[in-house]
Amino acid sequence: MSSSKSSPIPATLIPGDGIGPEITAATVKVLDALGAPFAWDIQHAGMAGIERGGEPLPETTLDSIRRTRLALKGPLTTPVGGGFRSVNVRLREAFSLHANLRPVRTIVPGRYDDIDIVLVRENIGGLYVAHEHYIPIGDDPHGVAVLTGMNTREGCRRIAQYAFDYAVKHGRKKITVVHKANVLKALTGLFLETAREVASDYEGRVAVDDRIVDACAMQLVLNPWQFDMLLCTNLFGDILSDELAGLVGGLGLAPGANIGADAAIFEAVHGSAPDIAGRGIANPVSQMLAAGLMLEHVGAGDLAQRLNQAIRQTLNDDNVRTPDLGGHASTAVFTDALIARLG
Ligand code: NAI
Ligand code: MG
């Protein structure tokens, strides 16, 4: 009996904001058709949390993840400037989800073919610690803005070890450490120094090199094939993972996993896309690929493979695509075509 046929696995489902409920419903429909083993506990967060109970991160949602230690999450809207602190950041902190795994592969042939890059992002520290404050100058309360970032040697070592272990396990050959140690000498210098130390334990198995982040961003456009895995600090990983999504056709095709010792939360790389929310045209593939990562995480790699193959067939053989990929299909039409491929 395959692992995927064993007893139901409790998992938290957070539909999210904007296009979140649309792509999450589509993903659950596909997972059901696939016979995925998850028993969902539906919880809310973000604006949806505020609308229901007044909290962007309700205690009931936290309790659910404490219990299931596994979640599929739609994107959550975060106010720009003022307002509540990012719920995504709070979730990563609350469950010590130290590793952010963001793989991209060419699915739809486009500007770049044969892209296959795995980005590992430090998910808790760096500049996203966001210890920020204003210093008033005269009658301007926002005369100066101050930000403190923080990386610990332990945190740097843990994420480097995660990346190198991942490389060994998945047959990856090279890790490029991304930093800005020429300017942010302490914050990103420690990250680079520690990554090199960890790399020495993997000598002969996984190669290592490094790039300054700005040069790396350019090289990703000129010659992305030189990269196998990227190991990034928190902010640089956030930025470069959207760039990676751009290499393979956009944010509709980029999944992510937030992994800690005690819990894991799976989500698309993209946000709540308020500009297209409620129109039924969002591309659900990123969220479905994230569900694929979740299946692999629980040992149902066979189901993940079937899902990934059906996604490829629907997009390429059937040519059913949502508008972001140049097609005319709605989320629902795409989802039904995908389910037909699973049949
Ligand atoms: P976004 O990723 O939501 O959208 C950027 C552009 O990509 C938009 O034009 C959008 O329509 C398009 N897009 C994104 N996903 C798509 C999909 N599945 N199908 C088709 N088109 C898609 O980024 P934006 O607009 O900067 O952020 C919107 C909100 O999302 C903000 O409140 C932000 O804080 C939040 N956000 C949440 C994340 C999360 O929950 N993990 C991650 C990134 C942003
Ligand atoms: Mg981002």
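The values are calculated or read from the model by the stated rules, or taken from the named source; none is laboratory data. Worth saying up front: this structure is predicted, and the values here are computed from it rather than measured. All Cβ positions, glycine included, derive from the backbone under ideal geometry; neighbour counts span all protein chains shown.
For a quick check of your reading of the model, give me the residue pairs whose first member lies in the range 61-83 and is in contact (Cβ under 8 Å) with a residue 40 or more places away in the chain and within 16 Å of ligand 2 (Cβ to nearest atom), whose second is β-branched (V, I, T) and not in a helix (DSSP H, G or I), with beta-carbon atoms closer than 9 Å and at least 6 apart or on different chains.
Sorted first by the residue in the range 61-83, then by its partner, the pairs are K73/T12; K73/I14; K73/I265; G74/I14; G74/I19; P75/I19; L76/I14.
Do we have I239 as within 12 Å of ligand 2 (Cβ to nearest atom) and either over 20 Å from D116 (Cβ atoms) or out of contact with any Gly (no Cβ under 9 Å at 6 or more places or on another chain) (or both) here?
yes
Yes/no per residue for (1) more than 16 Å from ligand 2 (Cβ to nearest atom); (2) within 18 Å of V104 (Cβ to Cβ); (3) in the same structural domain as V108 (by TED's automatic domain parsing):
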residue	(1), (2), (3)
A273	no, no, no
A304	yes, yes, no
L307	yes, yes, no
A310	yes, no, no
D317	yes, no, no
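Per-residue answers, yes or no, for (1) crowded, with 22+ Cβ neighbours inside 10 Å; (2) under 30 Å from P224 (Cα atoms); (3) small (G, A, S):
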{"site": "T12", "(1), (2), (3)": "yes, no, no"}
{"site": "D41", "(1), (2), (3)": "no, no, no"}
{"site": "V87", "(1), (2), (3)": "yes, no, no"}
{"site": "G110", "(1), (2), (3)": "no, yes, yes"}
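Within the range 222-241, can one find any residue that is aliphatic (A, V, I, L, M), in contact with a helix residue (DSSP H, G or I) (Cβ under 8 Å, 6 or more places away or on another chain) and over 25 Å from R157 (Cβ atoms)?
Checking the range 222-241: not a single residue is aliphatic (A, V, I, L, M), in contact with a helix residue (DSSP H, G or I) (Cβ under 8 Å, 6 or more places away or on another chain) and over 25 Å from R157 (Cβ atoms).
Inspect the range 314-328 for any residue being part of a helix (DSSP H, G or I) and under 19 Å from W40 (Cβ atoms) and give the result as yes or no.
no
In the range 69-76, is there at least one residue being in a strand (DSSP E or B), of a type in the set (K, R) and within 21 Å of the chain's Cα centre (by Cα)?
Yes, there is a match, as at least one residue in the range 69-76 is in a strand (DSSP E or B), of a type in the set (K, R) and within 21 Å of the chain's Cα centre (by Cα).
Looking at the range 29-39 only, could you name the residues that are surrounded by fewer than 18 Cβ atoms within 10 Å (Cβ to Cβ) and closer than 17 Å to Q305 by Cβ?
G35
Listed residues E93, E22; which is acidic (D, E), closer than 30 Å to R279 by Cβ, within 20 Å of the chain's Cα centre (by Cα) and not in a loop (DSSP other than H, G, I, E, B)?
Going through E93, E22 in turn, just one is acidic (D, E), closer than 30 Å to R279 by Cβ, within 20 Å of the chain's Cα centre (by Cα) and not in a loop (DSSP other than H, G, I, E, B): E22.
Output the number of residues of the range 44-56 satisfying the condition of being part of a loop (DSSP other than H, G, I, E, B) and either touching a Leu at 6+ places or on another chain (Cβ under 7 Å) or of a type in the set (V, I, T) (or both).
Residues flagged as part of a loop (DSSP other than H, G, I, E, B) and either touching a Leu at 6+ places or on another chain (Cβ under 7 Å) or of a type in the set (V, I, T) (or both) within the range 44-56 amount to 2.
Inside the range 150-171, can you point out the residues that are farther than 19 Å from G260 by Cβ and surrounded by 19 or more Cβ atoms within 10 Å (Cβ to Cβ)?
A167
What's the total number of residues in the range 236-250 that are in contact (Cβ under 8 Å) with a residue 40 or more places away in the chain and either outside any helix (DSSP H, G or I) or within 13 Å of ligand 1 (Cβ to nearest atom) (or both)?
Qualifying residue count for the region: 7.
If only one of E132, E122 is under 21 Å from the mean Cα position of the chain (by Cα) and assigned by TED's automatic domain parsing to the domain that holds R153, which one is it?
Just one listed residue meets the conditions, E122.
To keep it simple, each residue is scored yes or no on (1) under 19 Å from A163 (Cβ atoms); (2) in the same structural domain as L119 (by TED's automatic domain parsing); (3) among the charged types (D, E, K, R).
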{"residue": "A195", "(1), (2), (3)": "yes, yes, no"}
{"residue": "V198", "(1), (2), (3)": "yes, yes, no"}
{"residue": "V206", "(1), (2), (3)": "yes, yes, no"}
{"residue": "D214", "(1), (2), (3)": "no, yes, yes"}
{"residue": "W225", "(1), (2), (3)": "no, yes, no"}
{"residue": "D228", "(1), (2), (3)": "yes, yes, yes"}
{"residue": "G237", "(1), (2), (3)": "yes, yes, no"}
{"residue": "D242", "(1), (2), (3)": "no, yes, yes"}
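Could you list, in sequence order, the residues of the range 38-57 that are at pLDDT 95 or above and more than 15 Å from ligand 1 (Cβ to nearest atom)?
Correct list: F38, A39, W40, D41, I42.
Regarding L289, is this residue assigned to a helix (DSSP H, G or I) and in contact with a strand residue (DSSP E or B) (Cβ under 9 Å, 6 or more places away or on another chain)?
Answer is yes for this residue.
Just one of the numbered conditions (1) modelled with pLDDT under 95; (2) more than 12 Å from ligand 1 (Cβ to nearest atom) is not true of I65; which one?
Condition not satisfied by I65: (1).
Return the residue satisfying two criteria in turn: it lies in the range 252-273 and is in a loop (DSSP other than H, G, I, E, B) and more than 6 Å from ligand 1 (Cβ to nearest atom), and of such residues it is surrounded by the most Cβ atoms within 10 Å (Cβ to Cβ).
Filtering the range 252-273 for residues that are in a loop (DSSP other than H, G, I, E, B) and more than 6 Å from ligand 1 (Cβ to nearest atom), the one surrounded by the most Cβ atoms within 10 Å (Cβ to Cβ) comes out as A254.
Regarding the range 186-197, can at least one residue be identified that is within 16 Å of ligand 1 (Cβ to nearest atom) and farther than 29 Å from G299 by Cα?
Within the range 186-197, none of the residues are within 16 Å of ligand 1 (Cβ to nearest atom) and farther than 29 Å from G299 by Cα.
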